[in-house]
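Enquirer: Following this message is one structure expressed as structure tokens.
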Amino acid sequence: MEAELSIRAGIRHLSAGAALLAVLLFPAVAPAQENGLSPPRNQVILRVSGNILHTNAGDEAHFDRAMIEALPIHRLETSTAVTDGTNLFEGVLMRDLLEAVGARGEVVTATALNDYTIDIPMGDFTEFGVIAAFSMDGKRLLPRDKGPLWIVYPRDDHAELLDIRYDYRWVWQLDRLEVR
């Protein structure tokens with residue numbers, strides 16, 4: 001009888017310890033929506049709409065900085081048409097971002113904070129490894145310096161990207177994407 005009570009007490013102690021360990025190892029996160037995309041907790045920096053499967057704000061997917069930075073981070077060293085020399089960009093692959101929302105389409109319309117808009121073929125994102133950069137040369141991009149997100153192509157890795165047609169697709173101050 002005494003051994004049985006000791007075992008029960010030990011199990012309760014282990015259960016409480018396991019619960020505490022779970023709380024420490026797996027901190028609370030925003031609850032996921034039915035379609036798997038959690039809502040943003042902070043200021044929204046990117047809105048994705050159109051032909052997407054995963055949403056968290058009506059028929060759109062809204063991302064805050066933390067949600068973007070939770071995707072796999074990639075670094076890209078390349079020159080640009082608007083900066084001097086070579087810069088080191090850090091961000092997420094556009095294809096990963098679009099995969100996160102279940103994008104299905106041929107074209108993405110990218111829009112900047114100043115309402116600059118351009119259509120980008122979806123193929124660019126897989127063919128060239130285009131990123132949505134959130135930092136340049138180790139500094140977070142802010143709206144005054146082309147942020148919070150800047151579509152960046154690896155122009156030094158592909159001769160065809162030196163064409164001005166691709167320069168127009170480098171959308172800085174990226175605010176919205178529409179998949180069609």
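The values are calculated or read from the model by the stated rules, or taken from the named source; none is laboratory data. As the structure is a computational prediction, the values presented were derived from the model and not from experiment. Note: ideal-geometry Cβ built from the backbone for every residue, glycine included; neighbour counts use all protein chains shown.
Enquirer: Can you report the number of residues in segment 65-94 which are within 17 Å of the chain's Cα centre (by Cα) and either crowded, with 19+ Cβ neighbours inside 10 Å or not acidic (Asp, Glu) (or both)?
Expert: From segment 65-94, those within 17 Å of the chain's Cα centre (by Cα) are 65-76, 89-94; that's our starting set.
Still in the list and also either crowded, with 19+ Cβ neighbours inside 10 Å or not acidic (Asp, Glu) (or both): 65-68, 70-76, 89-94.
Count: 17.
Enquirer: Name, by its number, the condition in (1) over 20 Å from Leu98 (Cβ atoms); (2) surrounded by fewer than 16 Cβ atoms within 10 Å (Cβ to Cβ); (3) not polar (S, T, N, Q) that does not hold for Pro121.
Expert: (1)
Enquirer: If you don't mind, another one. Which residues, counting only those in segment 49-60, are assigned to a strand (DSSP E or B) and either touching a helix residue (DSSP H, G or I) at 6+ places or on another chain (Cβ under 8 Å) or of a type in the set (S, T, N, Q) (or both)? Reasoning before the result, please.
Expert: Within segment 49-60, the first condition is being assigned to a strand (DSSP E or B), and the residues that meet it are 49-50, 57, 60.
Ser49 - this is the single residue of segment 49-60 that is assigned to a strand (DSSP E or B) and either touching a helix residue (DSSP H, G or I) at 6+ places or on another chain (Cβ under 8 Å) or of a type in the set (S, T, N, Q) (or both).
Enquirer: Please state which of the following conditions Asp64 fails to meet, knowing it meets all the rest: (1) of a type in the set (Asp, Glu); (2) free of Cβ contacts under 8 Å to residues at least 40 places away in the same chain; (3) over 18 Å from Thr111 (Cα atoms).
Expert: The single condition Asp64 does not satisfy is (3).
Enquirer: I've got another one for you. Condition (residue is at pLDDT 95 or above, under 16 Å from Ala61 (Cβ atoms) and out of contact with any Gly (no Cβ under 8 Å at 6 or more places or on another chain)) applied to segment 132-140: is it met by at least one residue? First the steps, then the outcome.
Expert: In the first step, residues of segment 132-140 are kept if they are at pLDDT 95 or above; the result is 132-140.
If we keep only those that are under 16 Å from Ala61 (Cβ atoms) too, we end up with 132.
With out of contact with any Gly (no Cβ under 8 Å at 6 or more places or on another chain) added as a condition, the list becomes none.
Within segment 132-140, not a single residue is at pLDDT 95 or above, under 16 Å from Ala61 (Cβ atoms) and out of contact with any Gly (no Cβ under 8 Å at 6 or more places or on another chain).
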